[in-house]
Amino acid sequence: TRCNSHEEMWQYDMSSDLWTPLLSQTQANQSGYPRGVCLPSAMYDPRRKVVWVTGGAERAAVTDYYSGLVSGGIWAFDPVARSWSREGPTAQQGESSNVNVAEIEYGLYDPVRDQLVIPSRNGGSGEQIVRYNLAGVTVRDGVQNDNWSTENAAINEPVMAQTPLVYDSTRDVAWFYNVCEGGTPCLNPSKLWTYNLQTKVWTLINTNSIVPNKSTFGMAYVPTIDSIVIFGGLNKAESAPGTTYINELWIYDIQRNQWSKPVLGGAIPTPRKGENMVYDSHNNALMIFGGTGGFQSVGVPDSSGYEGTEVFLLRLSNN
């Protein structure tokens, strides 16, 4: 099934173009470690140097898991120690993380307030911003406090579904590109928002361009050009009639309040949805990994010979 996930953790080295397994399936089948999930919210915490993971959909059959693996919760993965640590309340105490954070939700680490911030639909029952306060939480001290909090969105605020929330280190705000304002099948133009992480206020940014990327695309903030970059996805809401995959890259120049579509060269990724995009400040490059498009079967390449497992790098310039 689509959630036939594994418990493995991998690391990609951009300079050597090599993947390295940090935790193999055998090593991950350890009592007290988390179950593998499909499309969780994962956020890197540079202060503690761990990856925080929560939410996601478990496999349909519980019997497919190693018997000692644990369901739900919020977890920290230490890539140096190559081990998992669970935070928050135990399952017996009841944990709001399972209620508030579901599948296909993208969060961010807020370095100023030391918190995780995730836009959530709360299982489709309402729009929420979900926060996990990391202040006072040490990865290995067995803290059992429930540090989750939620705030419900007002009617004039964005629809929060399957869209990255990215941190703008220049302004200390988060950016959110609303994929389907006005409901399925995205009859109205999508909208760009900022979210003030301190005051918890949304601001709609009025732009004149209509960007086609509507659903499950990659998104990043690039400080060297002070811009928001999005790539790929679908031109309509997922499963809407006439939906097609796209591979357009759009750049929003924040100071000019303007979208543009640059001409790309090299090995351009084929149209796809669901890919991950991250900005690498050391190399001043965008990295895109994964996604599905013309390749719907594992191991069957598309017309360009891509199978969906490739890593694509886009070098950036501020000229």
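The values are calculated or read from the model by the stated rules, or taken from the named source; none is laboratory data. Every value quoted in this text rests on a predicted model; they were computed, and no experiment measured them. All Cβ positions, even for glycine, are placed from backbone atoms using ideal geometry, and neighbour counts span all protein chains on display. Quick note on the areas: whole protein, heavy atoms, side chains included, nothing else; ligands and nucleic acids left out. Shrake-Rupley method; radii C 1.70, N 1.55, O 1.52, S 1.80 Å.
In table form, for the structure just shown:
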| item | result |
| --- | --- |
| Net charge of neighbours whose Cβ lies under 13 Å from the Cβ of residue 25, counting Lys and Arg as +1 and Asp and Glu as -1 | -2 |
| In Å², nearest 10: area of residue 236 left accessible to a 1.4 Å probe | 70 Å² |
| Listed residue pairs exceeding 19 Å between alpha carbons, taken from 200/236; 236/273; 191/214 | 200/236 |
| Solvent-accessible area per residue, Å², over the range 196-319 with all protein chains present [probe radius 1.4 Å] | 51 Å² |
| Local electrostatic count at residue 301 - Lys and Arg +1, Asp and Glu -1, tallied over other residues with Cβ under 11 Å | -3 |
| 15 Å beta-carbon shell around residue 313, net charge (K/R +1, D/E -1) | -4 |
| Where Rh is the Kirkwood radius over Cα pairs, Rg/Rh for the range 214-281 | 0.99 |
| Shape call, the range 232-319: gyration tensor on alpha carbons, a/c limit 1.5 | oblate |
